[in-house]
Amino acid sequence: TAFIPSVGQLSNRNLIINGAMQIAQRGTSFADPADNAYTLDRWKTRNSSGDPAFTWTKDSESPDGFASSLKCDCTTADTSLAAGDFHRLEYHFEGQDLQAFAKGTSSAKKGILSFYVKTNKTGVYVVNFYDNDNGRGFSASYTVSDSNWNRYTISIPADTTGAWGNDNGASLGVNWGLAIGSNRNSGSTGDLPTAWGSHASNTQFAGQVNFADSTSNDFYLTGVQLEVGSVATPFEHRNYGEELARCQRYYQTVPDSVLSSGYGSANGYSRGSHIFVTTMRAQPTVTITETSSGNK
């Protein structure tokens, strides 16, 4: 019965892409990445300027049944966070992938988020949910009481206000707090907005522990799953090829060896074409890197 979801189908119930932290097209190590930078595929960091600093890596440390995790290592500590500091991990969903929640209707459904965390920094951590389409949100806490791998679950209440757009826009953001200053961490855990409502930025991470208070602190995350319903089913593992293809909707690397034949022009430019391996979410931004052997 553990495999039977309370709502929805058996397969494709996990709305998270790369929840097992297997796909790493951009690389496997990211030292103090800039704000809004991606690490492993689909996972973005938010990082205010100055101390503290973190290095994010794909790591083999993982619970039974997994092979990878996303590790956050505090490399520059800050025992007294500035009010405006915010350091968190984000995941964003397209609205058209969330329609099963029936949000904004009288038939709105509950959801449940589950994930595995291991960290030596015990205390209260906060996950914030932000409805980008309607300016609404809510938060929930989970308590880390030991340094072992543990699975945590967060219930997402049904919301009859504010539908998510049926399009490719970023309708929902899920944000794991790590080190949050008082501008977003005002009060205690009891002040968290635990029901959907107008976004309240000052209490969205109320009670969040300061993960950045020591360079000895490490935080590992894997096995992330979001599903419709009220029961957290076992993590849905997808094969590597399927997960890679899902990630390539958002980001693709193009080795120079696969560029098709092109043509030269009078001004010295050489042009070629490339067919993407899967249809991308939107018209992509292209970054070209230059190496000693030429451009690619």
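Were the residues from S107 through E242 laid out at 0.36 nm apart, the gain over their Cα-Cα distance would be 45.4 nm.
Here the spin labels are modelled as points 7 Å beyond Cα on the Cα-Cβ line, and at S214 and A31 they lie 2.4 nm apart. Counted residue by residue at 0.36 nm each, then reduced by the alpha carbon distance between them, the extension gain from D191 to I288 reaches 30.3 nm. Once divided by 2.2 N^0.38 Å, the Cα radius of gyration of the chain becomes 1.07.
The count of lysine pairs in the range 43-131 that are at least 8 places apart or cross chains, and whose C-alpha atoms lie under 19 Å apart, stands at 6. Using all pairs of distinct alpha-carbon atoms, the Kirkwood hydrodynamic radius of the range 44-112 works out to 15.7 angstrom. Ordering N134, V144, P157 by Cα displacement along the dipole of the range 130-232 toward the positive end leaves V144 in first place; charges were set at the Cβ atoms of Lys, Arg (+1) and Asp, Glu (-1).
Contact order, relative form, for the chain: 23 percent (alpha carbon pairs under 8 Å, 6 or more residues apart, mean separation divided by residue count). For the pair the range 1-49 / the range 148-213, the C-alpha centres are spaced 17 Å from each other. To the nearest 0.05, how large is the calculated FRET efficiency for S155 and N120 if R₀ is 30 Å and r is the Cβ-Cβ distance? The calculated FRET efficiency here is 0.65. Choose one answer from H274, H92, H237: the residue with the largest mean-square fluctuation in a GNM of the chain with alpha-carbon springs under 10 Å. So, out of H274, H92, H237, the one fluctuating most is H274.
Placing unit charges on the Cβ atoms only, positive for Lys and Arg and negative for Asp and Glu, gives the range 37-120 a dipole magnitude near 400 debye about its Cα centre. Dividing the convex hull volume of the alpha carbon atoms of the range 136-198 by its residue count gives 143 Å³ per residue. Subtracting the Cα-Cα distance of A200 and R281 from 0.36 nm times their residue separation leaves 26.2 nm of extension gain.
With just the Cα atoms defining each centre, how far is the range 220-245 from the range 53-85? Give it in Å. If you average the Cα positions of each part, the centres end up 20 Å apart. Projecting the Cα atoms of Q283, A53, S69 onto the charge dipole of the chain (Cβ charges, centred on the Cα centre) puts Q283 farthest toward the positive pole. Within the accessible surface of the chain, defined with a 1.4 Å probe on protein heavy atoms only, the carbon and sulfur portion equals 46 percent. With a simple spin-label model that places each label point 7 Å from the Cα along the Cα-to-Cβ direction, the separation between D64 and N12 comes to 3.2 nm. In the chain, helical runs assigned H by DSSP with n ≥ 4 each contribute -39500 (n - 2.57); averaged across all residues and rounded to the nearest 500, the mean residue ellipticity at 222 nm is -500 deg cm²/dmol.
Gyration tensor analysis over the Cα atoms of the range 84-222 returns equivalent ellipsoid semi-axes of 27, 16, 13 Å (largest first, whole Å).
The values are calculated or read from the model by the stated rules, or taken from the named source; none is laboratory data. All of these numbers come straight from a predicted model, not from anything done at the bench. Cβ coordinates were reconstructed from backbone atoms using ideal geometry, including for glycine residues, and neighbour counts include every protein chain displayed. Side chains are part of the model used for accessible areas, which takes the heavy atoms of the whole protein and leaves out ligands, DNA and RNA. Shrake-Rupley method; radii C 1.70, N 1.55, O 1.52, S 1.80 Å.
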